[in-house]
Amino acid sequence: MELFLFIYLLMPTTSDLIAHTDLLTGVQALEKKIGHTPLHHITRLFQKKNVQIYAKKEWMQLSGSVKARAAYNIIRKAIEQGDLSRQRTLLDATSGNTGIAYAHIASLLNIPVALCLPENASKERKEILQSLGVRLILTSRFEGTDGAQQVARALAEDDPETYFYADQYKNENNWKAHYHTTAPEIFGELPGITHFVAGLGTTGTFIGTGRRLRELKPSVQLISLQPDFALHGLEGWKHLETAIVPEIYDPAVADANYEVSTEEAHDMIKAAYRLEGLRLSPSSAANLAGAIKIAEQLEEGTLVTVLPDNADKYSEITQKLI
Ligand SMILES: Cc1ncc(COP(=O)(O)O)c(C=O)c1O
């Protein structure tokens with residue numbers, strides 16, 4: 001009798017099931033707002049016979065950055081598996097685009113969000129996140145994003161009932177988002193692609209897009225980009241030699257790795273605005289600078305890169321340049 005009562009108490013109630021179905025319908029309806037971004041053909045910054053560069057304008061989707069893809073897939077899979085509900089808080093460590101993407105998507109679904117971020121994150125970032133209803137957990141400025149990750153992990157371990165720890169650096173649904181959306185979008189428009197070029201942050205964009213492109217077209221060259229040293233100004237990028245390497249990173253995916261300096265990215269912010277009318281963030285400009293470096297060495301080819309976000313959130317840097 002006691003066992004029956006125990007099993008009965010564990011069974012979801014009708015209202016739990018209705019709430020889950022409602023959340024599933026809500027998250028599925030958001031799919032059309034994620035991805036489907038346009039390609040920009042670079043025609044003035046770079047010109048060479050038989051060599052073309054295309055850049056995917058990733059800010060043209062919900063929340064204004066490439067991270068909408070990973071955040072959406074992480075949230076959707078967690079809801080589908082019953083790990084995330086309106087009674088559980090989405091928790092991660094991020095002050096950047098992933099946090100903004102979680103906040104946008106979760107606020108449309110009425111899911112609470114808590115983010116751990118270093119206390120010295122910009123006032124602009126904190127205000128954006130708070131205006132979207134995020135609970136901010138400020139961590140030591142001396143320990144950066146690695147310290148914020150440790151605090152998030154400890155919170156989730158202490159209270160697993162309250163929190164769903166998304167852990168974008170470890171979560172397979174990060175790179176899978178790009179495997180299932182970014183790569184097929186690129187290949188669908190440009191089946192003649194010869195090179196894919198992208199910078200490494202959590203590494204989800206490069207690993208997921210690269211893996212799928214390689215299956216669709218085995219001859220494609222996959223080229224990852226990194227900052228030239230540890231103290232760089234390319235927000236969103238990691239210098240893997242000196243940082244904690246994300247668990248989703250797979251060094252076997254890249255055919256080659258190139259470095260891009262912060263100065264090269266700043267020069268590209270100016271040039272891309274003047275010649276292509278693109279207002280780029282530092283990491284978008286760095287991707288374009290990397291793609292041009294590679295294109296200059298080729299006799300023929302079709303290169304594709306991504307522009308993770310535009311200049312909107314980087315006024316301290318870009319107002320001096322454009
Ligand atoms: C501005 C910006 N650029 C590049 C990246 C790198 O993308 P990924 O994390 O998929 O490697 C990020 C990731 O947060 C980003 O915010």
Quiz item: Of Gly290, Gly236, Gly277, which residue is in contact (Cβ under 8 Å) with a residue 40 or more places away in the chain, at positive phi and not charged (D, E, K, R)?
Solution: Gly236
Quiz item: List pairs: first in segment 298-313 and among the β-branched types (Val, Ile, Thr), second within 11 Å of the ligand (Cβ to nearest atom), Cβ under 7 Å, 6+ apart or cross-chain?
Solution: Thr305/Ala198; Thr305/Asn287; Val306/Glu58; Val306/Val66; Val306/Ala198; Val306/Thr205; Val306/Asn287
Quiz item: If you scan segment 209-228, which residues turn out to be free of Cβ contacts under 8 Å to residues at least 24 places away in the same chain and either more than 20 Å from Ala177 (Cα to Cα) or within 8 Å of the ligand (Cβ to nearest atom) (or both)?
Solution: Pro218
Practice problem: Would you be able to tell me the number of residues in segment 178-208 that are within 16 Å of the ligand (Cβ to nearest atom), closer than 18 Å to Ala295 by Cβ and in contact with a Phe, Trp or Tyr (Cβ under 7 Å, 6 or more places away or on another chain)? | Solution: 2
Quiz item: Is it fair to say Gly147 is more than 16 Å from the ligand (Cβ to nearest atom), part of a helix (DSSP H, G or I) and either modelled with pLDDT of 95 or more or acidic (Asp, Glu) (or both)?
Solution: no
Self-check item: Restricting segment 229-239 to residues that are within 11 Å of the ligand (Cβ to nearest atom) and in contact with a helix residue (DSSP H, G or I) (Cβ under 8 Å, 6 or more places away or on another chain), the residue that is nearest to Glu264 (Cα to Cα)
Solution: Leu234
Quiz prompt | Count - residues of segment 78-97 that are part of a helix (DSSP H, G or I) and touching a strand residue (DSSP E or B) at 6+ places or on another chain (Cβ under 7 Å) | solution = 1
Quiz item: Within segment 152-166, is there a residue that is more than 12 Å from the ligand (Cβ to nearest atom), crowded, with 22+ Cβ neighbours inside 10 Å, under 19 Å from Val66 (Cα atoms) and within 14 Å of the chain's Cα centre (by Cα)?
Solution: yes
Quiz item: When you go through (1) over 26 Å from the mean Cα position of the chain (by Cα); (2) modelled with pLDDT under 95; (3) of a type in the set (Ser, Thr, Tyr) one by one for Ser95, which number turns out not to apply?
Solution: (1)
Self-check item: The listed residue being surrounded by 20 or more Cβ atoms within 10 Å (Cβ to Cβ), among the hydroxyl-bearing types (Ser, Thr, Tyr) and over 27 Å from His104 (Cβ atoms), out of Ser219, Ser224
Solution: Ser224
Quiz item: What do you reckon, is Val245 of a type in the set (Val, Ile, Thr) and closer than 25 Å to Asn173 by Cβ?
Solution: yes
Practice problem: Just one of (1) surrounded by 23 or more Cβ atoms within 10 Å (Cβ to Cβ); (2) of a type in the set (S, T, N, Q); (3) away from the ligand (no atom under 15 Å from the Cβ) trips up Thr242, so point out which. | Solution: (1)
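The values are calculated or read from the model by the stated rules, or taken from the named source; none is laboratory data. Worth saying up front: this structure is predicted, and the values here are computed from it rather than measured. Reconstructed Cβ throughout: ideal geometry from the backbone, glycine too, with neighbour counts over all protein chains shown.
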